[in-house]
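All remarks here apply to the structure that follows.
The values are calculated or read from the model by the stated rules, or taken from the named source; none is laboratory data. Values in this document were obtained by computation on a predicted structure and should not be read as measured data. Note: ideal-geometry Cβ built from the backbone for every residue, glycine included; neighbour counts use all protein chains shown.
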Amino acid sequence: MQDIEYKDCKIDKIKEIMFSGIVEEAASVVRTERENGNLHLTLRCSFAEDLKIDQSVAHNGVCLTVVSLNGDGTYTVTAIQETLDRSNLGTLEVGDKVNLERSMMLDGRLDGHIVQGHVDCTAVRECRECRRKHVLQIPVRCTGGDGA
């Protein structure tokens with residue numbers, strides 16, 4: 001596989017394939033706790049009881065690991081400072097909705113597209129929107145991190 005380049009962004013070779021990019025559910029944030037630069041997020045969703053410790057779940061497109069199952073329809077994940085710096089997860093508050101997607105099952109149907117859920121860089125939207133026929137394009141520019 002070769003590297004992909006978008007203007008100033010360079011995306012390294014894809015090493016892991018984990019998600020289809022299809023949002024499964026919008027969970028509710030029920031608790032946030034900061035600890036030494038990390039953020040613990042407790043969320044409520046319909047499939048919380050099906051999750052397992054150390055399972056990967058995409059949260060607003062960012063892969064996070066389940067660290068606690070709380071037995072009340074909620075679970076907890078931890079976002080480290082690097083993740084908070086490269087995503088919108090650090091802005092979440094109690095009551096906010098978070099798009100969830102569980103990792104792909106190899107024996108299932110593949111809808112959408114294959115994505116990792118690992119963040120390489122943040123980007124700035126260069127214009128509100130650029131429409132061309134039936135396509136909505138949103139040009140972005142990388143602002144730093146490994147993708148700059």
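Being at pLDDT below 95, more than 15 Å from residue 27 (Cα to Cα) and assigned to a strand (DSSP E or B): is that true of residue 109 here?
no
For the range 91-102, which residues satisfy the criterion of being in contact (Cβ under 8 Å) with a residue 40 or more places away in the chain, surrounded by fewer than 15 Cβ atoms within 10 Å (Cβ to Cβ) and not in a strand (DSSP E or B)?
Scanning the range 91-102 gives 93, 94, 95.
Which residues, taken from the range 77-90, are in contact with a strand residue (DSSP E or B) (Cβ under 9 Å, 6 or more places away or on another chain) and not in a loop (DSSP other than H, G, I, E, B)?
77, 78, 79, 81, 83, 84, 89, 90
Output the residues belonging to the range 32-58 that are more than 16 Å from residue 81 (Cβ to Cβ) and either in contact (Cβ under 8 Å) with a residue 60 or more places away in the chain or assigned to a strand (DSSP E or B) (or both).
42, 43, 44, 56, 57, 58
So if I check each of 22, 17, 53, which one is modelled with pLDDT under 60, surrounded by fewer than 15 Cβ atoms within 10 Å (Cβ to Cβ) and not polar (S, T, N, Q)?
When all the criteria are applied, what remains is 17.
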